[in-house]
Structures are given as C-alpha cells and as structure tokens.
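Right, one structure below, let's go through it.
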Amino acid sequence: MVKSKNTEEKILDSAREIFMMKGFEGARMQEIADHAGINKALLHYYFRSKEKLFASIFNKILSQIGPAMLTFINEEIPLEVKIWKFVDSYLELMKKFPRMPLFIINEISINPERIIGHLNFSDFLDLRKLEKILHDEHGKGRIIAVDVKHFIVNIIGLTVFPLAAKIIIQRNLQIQNDEWHQFIEERKKVIPETIMGWLKNMD
C-alpha cells in the first residue's frame, strides 16, 4: 500500500483537533479515525501508535515555530524588530492552533515528561548566541544588563498567557468573541513595546 500525503494530512488535522479537545489520555485512536473518515487499520498503517501520532503533530507545529526563532537569533536587524517579528509570527501561528497553549499547560500538569520530550527548542534557540546579542546591546548602552532567562520568560509569558487564559480574560475584562481578534492584534504592538520599555529603563 502506498501512503497518500492527503490522507496523512487529514489524519494529522483530525488528531490535532481531538488531542486539543480531549488531551492525550482522553483521545482515542478510533475517534481520530472516525473524525478523519478512515478505518482504524488505515490509521495504524500511517501511525502505529497514539504516541507516534502525538509526536508527529508536535514536530509539525515546531517546524512552523522554528523559522521564527531562527530569524530572531540570526537575522541582522535591530533587537526591537527581532522581538516584534517573533511576537507577530507566534501570534499568527496561534491563529491556526488556538487551543495549543492551554492544551500544553494542561498536558504539563498531567504528564510533564511527555510534553518536555517534544518541546525541545535547542535546534532553533541558541541561548549563548541570544545572550551575546543582549550583552552586545548592553555594551552599546542601548539596554540594561539583563539575564537571558528572564528575557525569554518575559516574552513567552506576555505572549502565551493571554491565549492560554482566554476564557478568564474575556469574562473578567469583558472582551466579546468578536473583539478577541482585535485584542490579539493589539498585543502584537503592546508586547514589543512592553519588553523594550523594560530593556531601555536606564534609571
């Protein structure tokens, strides 16, 4: 039997949706097969286990996050533009996978090792290189001295938290569903400004 790219993509799309709704433990291969419109035997022909299917989904998502990270590190552009481009790329990606941030947080609370095993950014994020960028910017008097770990966590926190806590934020800040897209678009400007405001606070 020859594998079809269209069938494989259909399986991955269906599996991602089921995993996001029910989590790894709650997802069933039969349900994924039904959602993809194929039989379970064909599903196992493409992906022999739920673990392999789960890994394939994460690898596909990381393949889209990776280029944004590589651009952030390697492109010869001002730090502020690097931050803006990364935030913009990440938020655009999350439009395609809106359930992903909350799903990851939920899965971490259940089985952190499974998630950590798939969320390894070492292929895309060179901490030493990023640390040198921050060090050089500080040496030129453009930003304060900053620990690279705090820099990364601040960007991730400002970017990911509103998406993971969408329901809480919407209800407590009275942001309606039809206003949410505009709110996230505004975050593309607010997050870089917030990070740069912190980095440039020379007082």
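Here the calculated FRET efficiency for HIS44 and ASN154, from their Cβ-Cβ distance with R0 = 45 Å, stands at 0.55, rounded to the nearest 0.05. Any idea which of ALA55, SER89, LEU79 is furthest toward the positive side of the dipole for the chain, if Lys and Arg beta-carbons carry +1 and Asp and Glu beta-carbons -1? Highest projection toward the positive end goes to ALA55. Dividing the summed helix terms, -39500 (n - 2.57) for each DSSP H run of n ≥ 4, by the number of residues in the chain produces a 222 nm estimate of -25500 deg cm²/dmol to the nearest 500. The charge dipole of segment 1-48, taken about its Cα centre with unit charges on the Cβ atoms of Lys, Arg (+1), Asp and Glu (-1) only, comes to about 160 debye.
Rounded to the nearest 20, the size of the Cβ-charge dipole of the chain about its Cα centre is 520 debye, with Lys and Arg at +1 and Asp and Glu at -1. Straight Cα distances below 28 angstrom link LYS52 to the lysines LYS3, LYS5, LYS10, LYS22, LYS40, LYS60, LYS95, LYS96, with same-chain residues fewer than 8 positions distant left out. Among the listed values (i) 8, 32, 38, 19, 4, 0; (ii) 7, 29, 30, 22, 9, 2, 0; (iii) 8, 35, 41, 15, 1, the one matching P(r) over Cα pairs in 10 Å bins from 0, in percent as calculated from this structure is (ii).
Read the figures in this text as sums done on the coordinates, not as results from a lab. Note that the structure is a prediction, hence the values are computed from the model and not measured. Don't worry about glycine lacking a Cβ; one is built from the backbone with ideal geometry, like all the others, and counts go over all protein chains shown.
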